[in-house]
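I have placed the structure first, in the form of C-alpha coordinates, so that the comments after it can refer back to it.
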Amino acid sequence: MSNQLVLPEDAVETSAGRLAWLRDRLASLPPQWVAGLPLGLDENGVYGRYFKCELRSVFTAQHLGTAELVHAELQATGPDGEPFPAHRLFSLAAGADGLLKLDRLCRLIHTLNHFVVHGRPAPLVLSVHPRLFEYVKAAHGRTFSRMLTHFELQSAGIVLSLPRELPQSVLDNYLAAGFTVHLASAELNAPVGN
(Lines give C-alpha, C1' and ligand atoms only; values in the text may rest on other atoms or scores of the structure.)
Protein backbone atom coordinates (compact mmCIF):
# COMPACT_ATOMS: atom_id res chain seq x y z
CA MET A 1 0.00 0.00 0.00
CA SER A 2 2.37 2.73 -1.19
CA ASN A 3 1.86 5.98 -3.00
CA GLN A 4 4.95 6.70 -5.01
CA LEU A 5 4.64 9.92 -6.93
CA VAL A 6 5.78 9.46 -10.51
CA LEU A 7 7.04 12.82 -11.67
CA PRO A 8 7.02 13.81 -15.34
CA GLU A 9 10.23 12.81 -17.11
CA ASP A 10 11.51 16.39 -17.29
CA ALA A 11 11.24 16.87 -13.51
CA VAL A 12 14.33 16.13 -11.50
CA GLU A 13 13.68 13.65 -8.66
CA THR A 14 14.78 16.12 -6.03
CA SER A 15 12.97 18.14 -3.45
CA ALA A 16 13.21 21.17 -5.77
CA GLY A 17 11.82 19.13 -8.68
CA ARG A 18 8.88 17.85 -6.60
CA LEU A 19 8.08 21.37 -5.36
CA ALA A 20 8.20 22.87 -8.87
CA TRP A 21 5.91 20.12 -10.14
CA LEU A 22 3.58 20.63 -7.15
CA ARG A 23 3.45 24.40 -7.70
CA ASP A 24 2.25 23.78 -11.29
CA ARG A 25 -0.38 21.24 -10.17
CA LEU A 26 -1.68 23.57 -7.44
CA ALA A 27 -2.08 26.34 -10.01
CA SER A 28 -4.24 24.07 -12.18
CA LEU A 29 -6.44 22.69 -9.37
CA PRO A 30 -10.11 22.97 -10.37
CA PRO A 31 -11.47 25.90 -8.31
CA GLN A 32 -14.75 24.21 -7.34
CA TRP A 33 -12.87 21.74 -5.15
CA VAL A 34 -11.49 24.37 -2.77
CA ALA A 35 -13.31 27.53 -3.88
CA GLY A 36 -12.62 30.43 -1.56
CA LEU A 37 -10.08 28.42 0.43
CA PRO A 38 -6.65 29.34 -0.90
CA LEU A 39 -3.79 26.88 -1.03
CA GLY A 40 -0.16 27.92 -1.02
CA LEU A 41 3.30 26.43 -1.05
CA ASP A 42 6.34 27.72 0.80
CA GLU A 43 9.59 26.34 2.21
CA ASN A 44 7.60 24.51 4.92
CA GLY A 45 5.20 22.80 2.51
CA VAL A 46 1.59 23.14 1.42
CA TYR A 47 -0.68 25.29 3.55
CA GLY A 48 -4.22 26.61 3.35
CA ARG A 49 -6.23 29.47 4.75
CA TYR A 50 -9.63 29.46 6.41
CA PHE A 51 -11.21 32.30 8.44
CA LYS A 52 -7.85 34.13 8.46
CA CYS A 53 -6.18 31.06 9.97
CA GLU A 54 -3.22 29.34 8.40
CA LEU A 55 -3.63 25.56 8.10
CA ARG A 56 -0.61 23.26 8.14
CA SER A 57 0.17 19.59 8.72
CA VAL A 58 1.68 17.88 11.74
CA PHE A 59 2.61 14.22 11.42
CA THR A 60 2.76 11.69 14.24
CA ALA A 61 3.26 7.95 14.44
CA GLN A 62 0.09 5.90 14.87
CA HIS A 63 0.02 2.18 15.60
CA LEU A 64 -2.74 0.23 13.90
CA GLY A 65 -2.43 -3.37 14.93
CA THR A 66 1.18 -4.30 14.24
CA ALA A 67 1.71 -1.56 11.67
CA GLU A 68 3.21 1.81 12.45
CA LEU A 69 1.72 4.39 10.12
CA VAL A 70 1.87 8.15 9.83
CA HIS A 71 -1.15 10.11 11.08
CA ALA A 72 -1.78 13.67 9.94
CA GLU A 73 -3.26 16.33 12.18
CA LEU A 74 -4.25 19.89 11.52
CA GLN A 75 -2.16 22.70 12.97
CA ALA A 76 -4.05 25.99 12.72
CA THR A 77 -2.52 29.38 13.51
CA GLY A 78 -4.73 32.43 14.05
CA PRO A 79 -4.13 35.86 12.51
CA ASP A 80 -2.29 36.87 15.70
CA GLY A 81 0.24 34.07 15.19
CA GLU A 82 -1.11 32.07 18.11
CA PRO A 83 -2.34 28.45 17.84
CA PHE A 84 -6.03 28.21 16.99
CA PRO A 85 -7.87 25.06 18.17
CA ALA A 86 -8.77 22.85 15.22
CA HIS A 87 -12.15 21.90 16.71
CA ARG A 88 -13.07 25.62 16.91
CA LEU A 89 -12.10 26.09 13.29
CA PHE A 90 -14.41 23.26 12.24
CA SER A 91 -17.22 24.72 14.35
CA LEU A 92 -16.95 27.89 12.24
CA ALA A 93 -17.66 25.90 9.07
CA ALA A 94 -21.29 26.68 8.37
CA GLY A 95 -23.47 24.25 6.46
CA ALA A 96 -22.58 21.50 4.09
CA ASP A 97 -20.50 23.51 1.65
CA GLY A 98 -18.19 25.06 4.25
CA LEU A 99 -17.60 21.84 6.15
CA LEU A 100 -17.07 19.73 3.03
CA LYS A 101 -14.53 22.12 1.55
CA LEU A 102 -12.66 22.59 4.83
CA ASP A 103 -12.49 18.84 5.48
CA ARG A 104 -11.28 18.08 1.95
CA LEU A 105 -8.85 21.02 2.06
CA CYS A 106 -7.25 19.68 5.25
CA ARG A 107 -6.98 16.14 3.88
CA LEU A 108 -5.46 17.47 0.65
CA ILE A 109 -2.90 19.60 2.51
CA HIS A 110 -1.85 16.61 4.61
CA THR A 111 -1.67 14.26 1.63
CA LEU A 112 0.41 16.64 -0.48
CA ASN A 113 2.79 17.39 2.38
CA HIS A 114 3.24 13.69 3.17
CA PHE A 115 3.61 12.17 -0.29
CA VAL A 116 4.91 15.06 -2.44
CA VAL A 117 6.71 17.61 -0.23
CA HIS A 118 8.34 15.06 2.08
CA GLY A 119 8.35 12.22 -0.47
CA ARG A 120 7.21 9.62 2.06
CA PRO A 121 5.98 6.34 0.53
CA ALA A 122 4.40 5.01 3.77
CA PRO A 123 0.60 4.93 4.06
CA LEU A 124 -0.99 8.02 5.59
CA VAL A 125 -3.83 7.96 8.14
CA LEU A 126 -6.35 10.78 7.71
CA SER A 127 -9.37 11.50 9.86
CA VAL A 128 -12.65 12.42 8.24
CA HIS A 129 -14.59 14.97 10.27
CA PRO A 130 -17.63 13.23 11.88
CA ARG A 131 -20.04 16.01 10.82
CA LEU A 132 -19.25 15.30 7.17
CA PHE A 133 -21.65 12.36 7.23
CA GLU A 134 -24.57 14.65 8.09
CA TYR A 135 -24.24 16.16 4.61
CA VAL A 136 -22.75 13.55 2.30
CA LYS A 137 -25.23 10.75 1.73
CA ALA A 138 -23.67 8.87 -1.20
CA ALA A 139 -20.48 8.45 -3.24
CA HIS A 140 -18.22 8.97 -0.21
CA GLY A 141 -14.60 9.53 -1.19
CA ARG A 142 -15.30 10.23 -4.86
CA THR A 143 -14.35 13.94 -4.86
CA PHE A 144 -11.28 13.41 -2.69
CA SER A 145 -10.20 10.56 -4.98
CA ARG A 146 -10.50 12.90 -7.99
CA MET A 147 -8.40 15.47 -6.13
CA LEU A 148 -5.70 12.86 -5.57
CA THR A 149 -5.79 11.89 -9.25
CA HIS A 150 -5.17 15.55 -10.16
CA PHE A 151 -1.88 15.23 -8.27
CA GLU A 152 -1.15 11.76 -9.73
CA LEU A 153 -1.63 10.12 -6.35
CA GLN A 154 -3.65 7.01 -5.58
CA SER A 155 -6.22 6.54 -2.86
CA ALA A 156 -4.63 3.15 -2.05
CA GLY A 157 -1.97 4.89 0.06
CA ILE A 158 -4.57 6.58 2.28
CA VAL A 159 -6.09 5.02 5.39
CA LEU A 160 -9.26 6.90 6.37
CA SER A 161 -10.05 6.86 10.07
CA LEU A 162 -13.84 6.80 10.32
CA PRO A 163 -16.40 6.68 13.14
CA ARG A 164 -17.45 3.14 14.09
CA GLU A 165 -21.16 3.81 13.85
CA LEU A 166 -21.23 4.45 10.10
CA PRO A 167 -23.45 2.21 7.99
CA GLN A 168 -21.77 -0.43 5.85
CA SER A 169 -22.86 1.39 2.67
CA VAL A 170 -20.66 4.38 3.61
CA LEU A 171 -17.67 2.11 4.25
CA ASP A 172 -18.32 0.36 0.94
CA ASN A 173 -18.26 3.72 -0.88
CA TYR A 174 -14.81 4.55 0.52
CA LEU A 175 -13.53 1.06 -0.24
CA ALA A 176 -14.88 1.28 -3.81
CA ALA A 177 -12.97 4.57 -4.23
CA GLY A 178 -9.77 2.68 -3.34
CA PHE A 179 -9.24 3.89 0.23
CA THR A 180 -8.36 1.68 3.17
CA VAL A 181 -10.74 2.18 6.09
CA HIS A 182 -9.96 2.08 9.80
CA LEU A 183 -12.83 2.26 12.27
CA ALA A 184 -11.57 4.57 14.98
CA SER A 185 -12.24 4.27 18.67
CA ALA A 186 -14.51 6.83 20.32
CA GLU A 187 -11.62 8.89 21.68
CA LEU A 188 -10.17 9.27 18.18
CA ASN A 189 -13.52 10.54 16.93
CA ALA A 190 -13.74 13.43 19.36
CA PRO A 191 -14.13 16.75 17.58
CA VAL A 192 -10.69 17.17 16.10
CA GLY A 193 -9.25 18.74 13.03
CA ASN A 194 -8.09 16.44 10.31
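Which shape class applies to the chain: rounded if a/c is under 1.5, otherwise prolate when a/b exceeds b/c and oblate if not, where a ≥ b ≥ c are the square roots of the Cα gyration tensor eigenvalues? Can you show the working numbers first?
Numbers: a/c = 1.45, a/b = 1.16, b/c = 1.25.
Judged from the Cα gyration tensor, the chain comes out rounded (a/c under 1.5).
What residue among Gly65, Gly78, Gly95 has the largest mean-square fluctuation in a Gaussian network model of the chain, using Cα springs under 10 Å?
Gly65
Within segment 59-129, report the trypsin sites (Lys or Arg not before Pro) that DSSP leaves as loop and that have at most 12 other Cβ atoms within 10 Å. Don't skip to the answer; put the middle values down first.
Details: sites: Arg88, Lys101, Arg104, Arg107; in loops: none.
Nothing satisfies the criteria.
Counting only protein chains, not ligands or nucleic acids, how are Asp80, Asp42, Asp97 ordered by accessible area (probe 1.4 Å), most first? Intermediate values should be presented prior to the final figure.
Values: Asp80 115, Asp42 40, Asp97 95 Å².
Correct descending sequence by accessible area is Asp80, Asp97, Asp42.
Carbon-plus-sulfur fraction of the accessible area of the chain, 1.4 Å probe, in percent? Don't skip to the answer; put the middle values down first.
Details: 4990 of 9280 Å².
That share works out to 54 percent.
Any chance you could look up the accessible area of Arg18 with a 1.4 Å probe, heavy atoms only, rounded to 10 Å²?
Near enough 40 Å² of accessible area.
Quick one: divide the alpha-carbon radius of gyration of segment 113-185 by 2.2 N^0.38 Å and tell me what you get.
Working: Rg = 12.3 Å, N = 73, 2.2 N^0.38 = 11.2 Å.
That works out to 1.09 for segment 113-185.
Take the Cα pairs of segment 59-163, get the Kirkwood Rh, then feed it into Stokes-Einstein at 4 °C and 1.567 mPa s and tell me D in µm²/s.
Reported coefficient: 88 µm²/s.
Specify the residue with the greatest mean-square fluctuation among Ala72, Ala177, Ala20, computed from a Gaussian network of the chain linking alpha-carbon atoms under 10 Å apart.
Comparing Ala72, Ala177, Ala20 in a Gaussian network model of the chain, the most mobile one is Ala20.
On average, how much accessible surface per residue is there in the chain, in Å², for a 1.4 Å probe, leaving out ligands, DNA and RNA?
Values: 9280 Å² over 194 residues.
With all protein chains present, the chain gives 48 Å² per residue.
For the chain, what proportion of DSSP beta bridges, expressed in % and rounded to the nearest 5, is antiparallel?
Here the share of antiparallel DSSP bridges comes out near 65 percent.
The values are calculated or read from the model by the stated rules, or taken from the named source; none is laboratory data. What you see is a predicted model; the values in this text were computed from it and never measured. Note: ideal-geometry Cβ built from the backbone for every residue, glycine included; neighbour counts use all protein chains shown. Please note that ligands, DNA and RNA were not included when accessible areas were found on the heavy atoms of the full protein model with its side chains. Shrake-Rupley method; radii C 1.70, N 1.55, O 1.52, S 1.80 Å.
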